[in-house]
Structures are given as C-alpha cells and as structure tokens.
Amino acid sequence: MESRNPVFGKRIFDRAREDLIGSGNMTLSGTVHKTFIMLLLLIGGAAYTWYRFDHGYDVYGIMLTGSILGLITALVTTFVPKIAFITAPLYSIFQGLAIGAVSAAFEMDYPGIVLNAVLITVGTLFAMLLLYVTRIVKVTPSFRTGIIMATFSIMLVYLFDFVLGFFGVNVPFIHESGLIGIGISLFVVVIAALNLLLDFDFIEQGAAHGAPKNMEWYGAFGLMVTLIWLYLEVLKLLSKFAKRD
C-alpha cells in the first residue's frame, strides 16, 4: 500500500483506522465524489483570481497567499489525516486561487494555452484510469519503486533550483525552450502521469482493506495533489512549445 505520493503511506491508513474504528469504511465511489467536490472548489477559486486578473486587478498577493495557505493545509492534512474533511476542501480553494493567477498570466502571454492544458490533463487522467482498470499497466513493486525514485529526483532538482533562485542562478535547461528543456518537461509530465496509477492503486487498496470513511477525503486530497502537479507541468511544457513558434 505504499505510494510515491508524499501524502500517501500505509501508516496513514493504520493511524486513521485506530482513530475512527466503527465510523464506516472508505469506498471508491465515496472517494470519487469527494474528488469531484474538490475539483469544483479548485475551479471556483481559480475562476475568482482569473476574473480579477482579467479586470486589471493585482492578483499577486492572492496568488502568494493561496500558495502559502495551500502548502500549510497540505502539511496539516498529511500529518493529521482525520481532519481531512476540513483541510482538504480548504486546500483546493487555496490552490485554486494560486492556479487561477498563474493560468491567467500564461493565457495572457499564450492565448489558448490554458484550455489545451486542461484538456490534456483531463485526457491524461482518464487514460491513466483506463490503463489501471484494464490492468494494461500493473502497479508492481518494481514499477512503484521506479516511479518513486524518479519523482523524488525531480523534487530534489526543483528544490535545488528554488534555492539557487535566491542567488540569481537557475539549474541549466529546465526553464529553457530548447530541445533539452522540452525533453526534460516531457519526462516530468510522464512521471506525473504515472503517479496517477500509484494513487489509484493506493486508493483501491485503502478501500479494500477497510480504511475508515474519513479517508475518502484524504484519498481525494492525495489525488488532487498529483493532478495539480500534472496540470502545472503540462502548462509549462506547452509554453515551451509556444516559445519556439
């Protein structure tokens, strides 16, 4: 039941089961419903900042606040999963505020890019779900280990680039629109997409092993973390293609 997703781990289900024995069991349908709710909240938050940006308001403060509060609620949800029914919806709203500003800025520079990024993200989600349900791709221990290693390698590079940014230095290629830069973005998008398979497997295993009902919110939260990451990476990739036109 291990997953690459840092918000997913067997100990989370074990702890939740101890806290909420007898409260009902986690189901796949319940997790899907809560994921849908979180998507609506995300879209609502994004629409708000997009509207303000489109009407000439400064949304930098909203974006920064949403990013910080989104990180805080993500950490709280990760360490205290039994209150995910509160923190997970808040996470979606805060992330929506941040993503709306980012998306509006990309759309201003590259008209049409946001719609394409959304369509690709949704298409990838359903494609990965089909691959998982039909077992065309099986989440084996070796497969899981490979995706986990690749994901954490990407996170380390991003963290390194973030730290160097304070000194005016960037990691070579990852922000460039050359062939190497595009290749790196393609690789990251593929890894993000494959993480969806690990998330599906973890949610299915949680439901099969009788995880408590509140873990539906936690499962939806973990899936949203991956979807948001995938969308941002697709947005970045499309912008690199646009720069070459």
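The values are calculated or read from the model by the stated rules, or taken from the named source; none is laboratory data. This structure is a prediction, so every number in the text was calculated from the model and none was measured. Quick reminder, even Gly has a Cβ in these numbers, built from the backbone with ideal geometry, and neighbours come from all protein chains shown. Note: accessible area is taken over every heavy atom of the protein model, side chains too, but ligands, DNA and RNA are not part of it. Shrake-Rupley method; radii C 1.70, N 1.55, O 1.52, S 1.80 Å.
Observations
- Accessible surface of the chain [probe 1.4 Å, protein heavy atoms]: carbon and sulfur percent: 73 percent
- Sequence-ordered 3J(HN,Hα) estimates for region 193-200 from the Karplus curve with 6.51, -1.76 and 1.60 and θ = phi - 60° stand at 5, 5, 5, 4, 4, 5, 5, 4 Hz, glycine and proline given as x.
- Rounded to whole Hz, the Karplus (6.51, -1.76, 1.60) HN-Hα couplings of region 61-75, x for glycine and proline: x, 5, 4, 5, 5, x, 5, 5, 5, x, 5, 4, 5, 5, 5
- Principal axis dimensions, the chain - Cα atoms, whole angstrom, descending: 55, 40, 35
- Ligands, DNA and RNA excluded, the heavy atoms of residue 137 present near 40 Å² of accessible surface to a 1.4 Å solvent probe.
- Protein-only accessible surface order, largest first, of 177, 153, 92 at 1.4 Å: 153, 177, 92
- Per residue, the average separation of C-alpha pairs within less than 8 Å and at least 6 apart gives region 110-201 a relative contact order of 39 percent.
- Over the chain, relative contact order from alpha-carbon pairs under 8 Å, at least 6 apart, %: 36 percent
- For region 39-45, putting each phi into the Karplus relation 6.51 cos²θ - 1.76 cosθ + 1.60 with θ = phi - 60° gives couplings of 5, 5, 5, 4, 5, x, x Hz, in residue order, rounded to whole numbers and with x for Gly and Pro.
- Near residue 101, once Lys and Arg are set to +1 and Asp and Glu to -1 for all other residues with Cβ below 12 Å from its Cβ, the sum equals -2.
- Considering only 214, 116, 195, the Gaussian network model of the chain with Cα springs below 10 Å gives its largest mean-square fluctuation to 116.
- Taking every protein chain into account, the 1.4 Å probe leaves residue 34 with about 40 Å² of accessible area, to the nearest ten.
- The angle between the Cα long axis of helix 215-244 and the longest principal axis of the Cα atoms of the chain comes to about 20 degrees, rounded to the nearest 10.
- Where region 40-132 is the region considered: accessible area per residue in Å², 1.4 Å probe: 53 Å²
- Counting only protein chain heavy atoms and rolling a 1.4 Å probe, the accessible areas of 175, 33 rank, largest first, as 33, 175.
- Under 5 Å between amide hydrogens, built in the peptide plane, is the criterion, and for residue 25 it picks out 213 among residues at least 5 positions away or on other chains.
- Under 18 Å from the Cα of residue 82 - lysines, other chains or at least 8 residues apart: 10, 34, 213
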